[in-house]
Structure formats: C-alpha cells, structure tokens
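Enquirer: What follows is a structure written as structure tokens; I'll ask about it next.
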Amino acid sequence: MNNKFNWIPEQIRRLIVVFTIFIITIWIVRVYVIPAELKESGVYRTSAINNELAHELHYAGNSSCAECHEDQYESKYSGYHKNLSCESCHGPGIKHIEDSDELLAAPTERKFCPSCHAYNISRPTGFPQINPQIHNPLKACIDCHDPHDPIPPEVPRNCSACHAQISRTKAISHHIMLKCEDCHDTPEQHKIKPRSIKPSKPMTREFCGKCHGKESEIKDAPKIELSSHESKYLCWQCHY
C-alpha cells in the first residue's frame with residue numbers, strides 16, 4: 001500500500017521530523033528543566049528581591065543625613081550640588097548612622113573635586129571647569145568653596161572661564177575682534193546662576209545685517225542682500 005505522504009518531497013519530510021523533535025525538546029525543557037521562578041512574567045523574580053535584601057547595606061541615603069545635619073542639608077538642597085547625594089563625596093554612611101563615632105571623611109584633597117570640574121571637552125557648555133594645575137594650585141578646593149553650596153568667591157571675569165571651547169573657536173574666526181557682549185546681552189546674574197539666567201542671542205536677521213547688510217557702513221564685513229539671501233532662516237542657523 002502506498003504511503004499517503006509520498007507526495008511530500010523527502011527533504012521536506014526530514015525537515016518536518018527535525019522541527020517536530022525541536023518543538024518537543026523545547027517543551028520538555030520548559031516544563032521539566034527550567035525552574036519555576038525563571039518562568040515568572042513579572043518585573044522582578046520573587047527570589048531577586050530576597051537576594052537584594054540579603055546584601056550587606058553600605059549606603060544610608062540623603063534623608064538619613066538630614067536628621068542630624070539639617071543646616072548642611074538645607075544648604076546643599078538649595079545650592080549647586082542639590083542633585084548630588086551626600087555619600088557621593090563622603091562615602092558610604094550606614095556605619096556612621098549606626099555609630100556616630102564612625103566618622104565620615106571630608107574630601108579635602110585637590111584631586112577629588114577635579115574629577116568632576118577639571119576641564120573636559122565632553123562636558124556641557126557652561127559647566128564649571130578649571131585647570132587644576134594653574135587654578136590656585138597650593139590650596140584645597142574647600143578653602144575657597146563651600147562644598148555644600150559652592151558659590152565661587154568671585155564671579156568669572158570673562159566668558160572663556162565657562163565657554164572655553166567657544167572662545168577658542170572665536171579666537172581663530174573673523175569675529176575675533178568682537179566682544180561677546182556685542183552680540184549677547186549678558187545679565188550680571190548669568191555669572192552667578194548660568195543655567196537659570198541665560199544670555200540672549202540674535203533673533204532677527206536685521207541684527208547681523210547691521211554689519212553684513214548691503215547698507216552697512218562696516219567696510220571689511222562681507223555684504224549680502226538681506227531680503228533675498230536665504231530669507232527664511234536666521235543667519236546663525238547656517239553660519240556658526
């Protein structure tokens with residue numbers, strides 16, 4: 001008697017057999033081999049929470065610090081370091097919470113603060129950065145800066161203190177003779193709160209046209225016809 005599956009090519013029949021064995025194997029592994037907890041579909045496995053709770057505690061958290069160091073906590077919470085945990089600078093504090101004789105160290109060495117504040121081109125524009133080799137090299141940072149609210153003892157005297165990368169670009173550009181304030185209205189408070197009080201930037205084409213429009217009396221500046229030269233855009237959207 002002819003097999004009713006003879007019409008299926010032999011290669012396809014072999015694939016069907018292999019695929020069937022594969023599916024059966026997966027089912028056996030899932031049902032009999034994989035532990036039940038690994039088949040849980042929640043965000044966490046039940047045992048994972050217990051494993052974490054079993055770890056030795058090292059950190060106490062900011063709220064624990066505030067219970068005894070209220071003045072320092074309030075100063076930090078309203079200052080520039082408000083987003084830093086106390087233990088980011090003082091180290092793990094659980095032993096200090098359990099026994100006040102276990103003191104935490106204050107970072108007095110100069111090498112500590114530059115780990116965040118040494119100049120690094122990858123850090124955002126306006127982030128306070130210094131060159132540790134020439135910035136008061138014989139003093140500890142906390143001699144001049146309150147670490148809980150590190151307001152500088154004097155505001156930066158020029159824009160390059162915070163905008164070093166932009167300053168270097170401008171120094172080799174055609175705008176080298178222009179002051180930053182020629183194009184930016186910079187409130188004095190910007191030097192104290194640079195992220196909340198920002199300088200202005202030119203928002204009209206006519207601003208650049210004072211030097212670069214055809215009617216401008218500035219002789220050496222390249223001239224364009226403002227009404228027809230890429231009139232849909234602000235100048236600095238194409239020209240840095």
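The values are calculated or read from the model by the stated rules, or taken from the named source; none is laboratory data. On a predicted model such as this, the values are computed, not experimentally measured, just so you know. When we count neighbours, we look across all protein chains shown, and the Cβ atoms used for this are built from the backbone with ideal geometry, even at glycine. Heavy atoms of the whole protein, side chains included, go into the accessibility calculation; ligands, DNA and RNA do not. Shrake-Rupley method; radii C 1.70, N 1.55, O 1.52, S 1.80 Å.
Enquirer: Collect the residues in segment 228-238 that are in contact with a Cys (Cβ under 8 Å, 6 or more places away or on another chain) and exposed (fewer than 15 other Cβ atoms within 10 Å of the Cβ), keeping them in residue-number order.
Expert: Matches in segment 228-238: Glu230, Trp236.
Enquirer: Additional query: Say whether the condition of being polar (S, T, N, Q) and open to solvent by 80 Å² or more (accessible area, probe 1.4 Å) is met by at least one residue in segment 36-49.
Expert: Yes, that holds for at least one residue.
Enquirer: Answer yes or no as to whether Ser160 is within 21 Å of Ala118 (Cβ to Cβ) and in contact with a helix residue (DSSP H, G or I) (Cβ under 8 Å, 6 or more places away or on another chain). Break it down stepwise before answering.
Expert: Values: within 21 Å of Ala118 (Cβ to Cβ): yes; in contact with a helix residue (DSSP H, G or I) (Cβ under 8 Å, 6 or more places away or on another chain): yes.
It is true that Ser160 is within 21 Å of Ala118 (Cβ to Cβ) and in contact with a helix residue (DSSP H, G or I) (Cβ under 8 Å, 6 or more places away or on another chain).
Enquirer: Let me ask something else. For the condition surrounded by 10 or more Cβ atoms within 10 Å (Cβ to Cβ), within 33 Å of the chain's Cα centre (by Cα), among the charged types (D, E, K, R) and modelled with pLDDT of 90 or more, what is the one hit in Glu225, Glu206, Glu181?
Expert: Glu181
Enquirer: For segment 58-94, which positions are open to solvent by less than 80 Å² (accessible area, probe 1.4 Å), among the small types (Gly, Ala, Ser) and either closer than 26 Å to Lys193 by Cβ or part of a helix (DSSP H, G or I) (or both)?
Expert: Listed by number, the residues that qualify are Ser64, Ala66, Ser75, Gly79, Ser85, Ser88.
Enquirer: Here's something else I'd like to know. Would it be correct to say that Leu104 is within 19 Å of the chain's Cα centre (by Cα), assigned to a loop (DSSP other than H, G, I, E, B) and either at pLDDT below 90 or under 21 Å from Ser196 (Cβ atoms) (or both)?
Expert: No, not satisfied.
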